[in-house]
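A quick write-up on the structure given underneath.
Bear in mind these aren't lab numbers, they're just calculated from the coordinates by the rules spelled out. Please read all numbers here as calculations on a predicted model, not as lab measurements. No Cβ is skipped: glycine too gets one built from the backbone with ideal geometry, and neighbour counts run over all protein chains shown.
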Ligand SMILES: Cc1ncc(C[n+]2csc(CCOP(=O)(O)OP(=O)(O)O)c2C)c(N)n1
Ligand SMILES: Cc1ncc(C[n+]2csc(CCOP(=O)(O)OP(=O)(O)O)c2C)c(N)n1
Ligand SMILES: [Mg+2]
Ligand SMILES: [Mg+2]
């Protein structure tokens, strides 16, 4: 059985179920208690689990992150909320030089089971310092895992796996998806990390999309179907490890690929996906150049029209697919 | 006229000449004064310019970076030394959310002319927290420029341009290159940012290499010539902006490309270069998959043999080129 | 520290500034309620005396670094309300050509080096402004505004220490409005006054009543004099309160109506107005002045509304110099 | 804070620990000079009393977070010198299978959660260890070692504040060896004692003679008792000195020979030895004990030398759990 619940509710359910099942799971973050989180995700968890396990922190992102690391290597399974992904720029030393490397530097004698949840993306008029999409930075770092869910079911199922994982996981939510609803199983269902999901099957072109670009790609695929273009839409869901085989298999089949992501185009995840396709055996099946649709090479502007123009929209996906089909 | 001087001396010359020519240029960093810098690059500059312009700082990387930003927007042209590139993880908020975005967020009413010099790379047994190669992170950020010199002449010429540039520039030096010598013009010569350099011409395969991989690629090219393989070696020198046209033109000519970089392979600069080639008109000239040789997917280990195995060596380049020639 | 009492003209201009800030923010609140504003905003209603008292003690060529709650700082430093309102509405004529919005309004030529979306993000930058003043020997001063919550960021510690050891001409003004979003200051640090932290850097620290614009003005005047004379930074804490929620999504579960009411009874504008009436300085209860500020904001809004939107083709303008 | 004087057995074992640390590091220095060490290292010669006095006040199940200058902490917490020496030489049998080296030696099962290549990098982590102890209610304590230079990092500020407000069982031990690389502490902060910073967080702070192992032990004993009883963190500053350069590339232009000599005259080992001789506790001037520690280090080196190098095929082992 499934119900329709929102992406935010699905994440909250995942947190609640894991906290009920495992008292090593604790939450840390700014305004996650009484306030319920800047986007309301942790609403009600303080009441249920108390302030021993749900910790409102001062505005000290580096310390919060390190606090999770220290807890993780000594028996807890902390889940941190960084209020906006932009602020994770204050946690890079602890996340990249400590969390990601501790196990390796220590010869495998320690594990760092922690999750950092953070909302990324633009579209809310929050401007340049509250709209970052930095997932590619983390996907560049061995020792970290990076998850980017696009549906309520994926959000819950992947979060559960992230919390149970013995490695540090960066779990990237999207502000525009929090209110979107979708079917989510009643029964707790973990979705394994590292497995891409074919959101729509197709034969003519592979559209790889992540995060908020997935619903846009699906909408475009619907329109394209009307034009007789059969687009396969794939969501990698986990960027590190990246399920290359599922992507490459699709390209082998379609011979065309368009990669859509919100982050700045240069060195966004699309660069890596393009490179993996180009060095794979799917290369010989390509009948058109590999097209990337990424964010504009600028900070996210405040003005609504500029903000919209700064990241791929459905019409951009349509245009790009028509272009590769014409090639 | 040119002389043979080391990469470190060339950088020092660039700093000295710009400081003599423009008293808005000030230096900030840990142990850059009496100590002369952890790698001796700023040796003697305190004596010549005094402690008003050569500032030894406390161990406060974020504040040092912000200090440069504040100076830059109010009339100075600060050059910061971050002792090891790894520590730049503590500066990400100031560099990415402030320095890179201020001009855009302020509608073009401010400029941020500053340079952050920092040594990256492995090979010295400094282990996981002193061997990072994070240039790809910065190349992902609009508003920043990223420079990676591989020779003494490039180091000096590009540094001079970086200091004169009105934008924040991340200037990435390499520990293993500091002592390498090469010809450097006597007369001050600025090398423009954003222009790749063909280090060796060739016809059969394009080898794109950055930083310490450039000398390794050139050595490999020499060996390959003996096997009748003519390799063209190109150093982008600036990663943002990236001189795509020079790279693509070479691939159009050779039809084969191997991209060599020290950073972790996934989402390192090679991913972007591969993607740009794959979406360019050179795509149709490709006669083999695009090969990337990057660092291993692990932190840099301490043990000498493991450390060597973690990044591309000359023999790896040879093997990769032979592979694409065979394809 | 020596203090100089403000002249009557200055008192009147401070009342005017506070009324202008209040009029601007009440209009902003109204526009937001009408759904005419994209994004979010942070109102400083109730905190007008801090921005006003501090900026009144500055020279026109002095600098400030503002915060996410920066409308008041900007107006107090002398910004044009029309250009601010245009930025607030994302128009091409705004201070930042509509790229910045409420959280990034900057009036660089007026000495306001920008609001900042990052808590404590302006503090490291302030040290550099101080360094630049010191190196260029211009005798200017830089004021860095920040909140009680910002005082727990590492950037606060590193920046105040750096300003202290180099004796930089920076005045660190902490607007302690009792909360960081939902976090009460008493829960985020185990000290009575944030100004106690000055001792950790060997610099003067003091706490003043941030609802009393004179107290703020005189304390700032002294701190600025010290900074200008090469005496280095001061940590000035101003005890104040925000009347509205943190931002638009705030249900304010973390505080009581009574608490808000108690602070409203100490309204900074009412305090100065009463004082000026008592002193016979204003006669009509400043009704004319209040009306004038409101119409100034109406004009500002009209200008903003009649201004063009940015051209999407200009998206990449200003990424690089 | 109450203090308990150490027993004679404890005094003897502390002398033994200090001699062992000195023997280990003199050997390390020698190996480095012979070019047998890859990379760099940071010696704590002269600072033995801090690591020793602090760890002597801990339970075996207590935790420490160490620094780049961590050989002493590691040995004092009870690590095996052979496994340490093997790690120092990058051998597969080392504590970190040769992946970490001098700057990352960790003895997790022994409670040493690792040296750290990042100045102040262990402080945020220490708060989490404290949180874990508090949540799991195990009655353990966590000691976070850091240097004078680390006290200027934002991480110090955020971490001590977090530990303070949550009353975490963490003892922050600042090894003030007077310099951060070439930066004298008096130039990097405008205060007399780093322990004065404790007041900024409302926690106890004190400075002790870090060359007097008893003073260090007793102060730690009190701080640990406070932490264990739920009283929260203490900032304990130990005034000490490093005899050698910061690392191998250091020409030591920033200090004088006289200064080094003056501190050497206060050698921590000589002090305790004299005291024990005076008290008739040791008779032969601890010559036998010293010889024993040196041969223990010789054995450790032999073990390390006879150990295998890691297999390059194992490069990716341990990146993920
Ligand atoms: C580094 C960072 N962390 C968190 C936030 C989200 N945030 C914005 S304002 C705020 C509260 C700031 O409190 P304070 O410094 O007291 O300023 P106030 O809002 O009370 O004026 C928070 C948590 C942010 N913008 N930047
Ligand atoms: C974040 C960071 N900045 C700079 C360095 C380089 N570095 C290593 S040790 C050191 C000096 C540290 O001084 P202190 O904290 O007093 O410790 P000490 O070396 O004196 O034991 C510096 C600057 C580093 N490892 N990490
Ligand atoms: Mg506040
Ligand atoms: Mg020191």
Quiz item: Which of D:238, D:96, D:55 moves the most in a Gaussian network model of chain D with Cα springs under 10 Å?
Solution: D:96
Quiz item: Is the shape of region A:205-295 rounded, prolate or oblate, going by the alpha carbon gyration tensor and its root eigenvalues a ≥ b ≥ c, with a/c under 1.5 for rounded and a/b larger than b/c for prolate?
Solution: oblate
Quiz item: Which distances in nm, rounded to one decimal and ordered from shortest, link the label point of residue D:313 to the equivalent label points in the other identical copies, with labels set 7 Å from Cα toward Cβ?
Solution: 6.4
Exercise. Would you tell me the mean number of C-beta atoms belonging to other protein chains that fall within 10 Å of each C-beta in C:134-146, as a whole number?
Key: 2
Self-check item: Stokes-Einstein diffusion coefficient of region A:245-327, Kirkwood radius over Cα pairs, 25 °C, 0.890 mPa s, in µm²/s
Solution: 182
Practice problem: Note down the relative contact order for region C:213-321 as a percent, whole number, built from C-alpha pairs under 8 angstrom at least six residues apart. | Solution: 15
Quiz item: In nm, one decimal, shortest first: how far is the label point of residue D:5 (7 Å from Cα along Cα to beta carbon) from the matching points in the other copies?
Solution: 6.4
Quiz item: In chain D, what residue has the beta-carbon at the shortest distance from the axis of the rotation relating D to C, and what is that distance in angstrom, rounded to the whole number?
Solution: D:154, 1
Exercise. Please give the helix A:314-326 orientation as an angle from the longest Cα principal axis of chain A, in degrees from 0 to 90, rounded to the nearest 10.
Key: 40
Exercise. Over the alpha-carbon set of region A:1-144, divide Rg by the Kirkwood Rh and report the Rg/Rh ratio to two decimals.
Key: 0.97
Self-check item: Most fluctuating residue given options D:23, D:150, D:200, as computed from a GNM of chain D linking Cα atoms under 10 Å
Solution: D:200
Quiz prompt | Burial order of peptide ranges A:258-266, A:74-82, D:182-190 (average beta-carbon count within 10 Å, highest first) | solution = A:258-266, A:74-82, D:182-190
Exercise. With a point put 7 Å past each Cα toward its Cβ, work out how far residue B:284 is from residue D:59 in nm, to one decimal.
Key: 7.5
Exercise. Label chain C by shape, choosing from rounded, prolate and oblate, from the square roots a ≥ b ≥ c of the eigenvalues of the Cα gyration tensor; if a/c is under 1.5 it is rounded, and otherwise prolate applies when a/b is larger than b/c, oblate when it is not.
Key: rounded
Quiz item: Relative contact order for chain C using alpha-carbon pairs under 8 Å, separation at least 6, rounded to a whole percent?
Solution: 24
Quiz prompt | Inter-copy separations for residue C:136, label at 7 Å along Cα-Cβ, nm, ascending | solution = 5.5
Quiz prompt | Gain upon complete extension [residue D:229, residue D:9; 0.36 nm per residue less C-alpha separation] | solution = 76.6 nm
Practice problem: Please report how far the C-alpha centroid of region B:137-167 lies from that of region C:271-311, rounded to the nearest whole angstrom. | Solution: 50
Practice problem: List the pair-distance distribution P(r) of region D:122-249, using every Cα-Cα distance, as the percent of pairs falling in each 10 Å bin from 0 up to the bin containing the longest distance, rounded to whole percents. | Solution: 14, 45, 32, 9, 1
Quiz prompt | Cβ-based exposure ranking for B:49, D:172, in which fewest neighbours within 10 Å come first | solution = B:49, D:172
Self-check item: Spherically averaged projected area of the protein assembly as shown from its Cα convex hull (nm²)
Solution: 47.8
Quiz item: How many angstrom separate the Cα center of region B:245-264 from the Cα center of region D:94-117?
Solution: 41
Exercise. Per residue of A:260-269, count partner chain C-beta atoms within 10 Å of its C-beta, then hand back the mean as an integer.
Key: 5
Self-check item: 0 to 90° range, to nearest 10: angle between helix A:152-164 axis and chain A longest Cα axis
Solution: 50
Exercise. Place a label point 7 angstrom from the Cα of residue A:305 along the Cα-to-Cβ direction, then list the residues of region C:300-321 whose backbone nitrogen is under 13 Å away.
Key: C:307-315
Quiz item: If you count, for every residue in D:185-195, the Cβ atoms of partner chains within 10 Å of its Cβ, what is the mean?
Solution: 4
Exercise. Just need the relative contact order of chain B here, percent rounded to a whole number, with Cα pairs under 8 Å and 6+ apart.
Key: 16
Exercise. For region C:1-76 and region A:312-327, compute the distance between their C-alpha centroids and round to whole Å.
Key: 48
Quiz item: Going by how many other Cβ atoms sit within 10 Å of their own, how do D:43, D:123, B:46 line up, fewest first?
Solution: B:46, D:43, D:123
Quiz item: Rounded if a/c is under 1.5, else prolate if a/b is larger than b/c, else oblate: which is region C:22-73, with a ≥ b ≥ c the root eigenvalues of its Cα gyration tensor?
Solution: prolate
Quiz prompt | Ascending count of other beta-carbon atoms within 10 Å, so fewest first, for C:20, C:276 | solution = C:276, C:20
Quiz item: What FRET efficiency would be calculated for the residue pair residue C:192, residue D:291, taking the C-beta separation as r and a Förster radius of 51 Å, to the nearest 0.05?
Solution: 0.35
Quiz item: Using a Gaussian network for chain A with springs between C-alpha atoms less than 10 Å apart, which of these wobbles most: A:122, A:133, A:60?
Solution: A:60
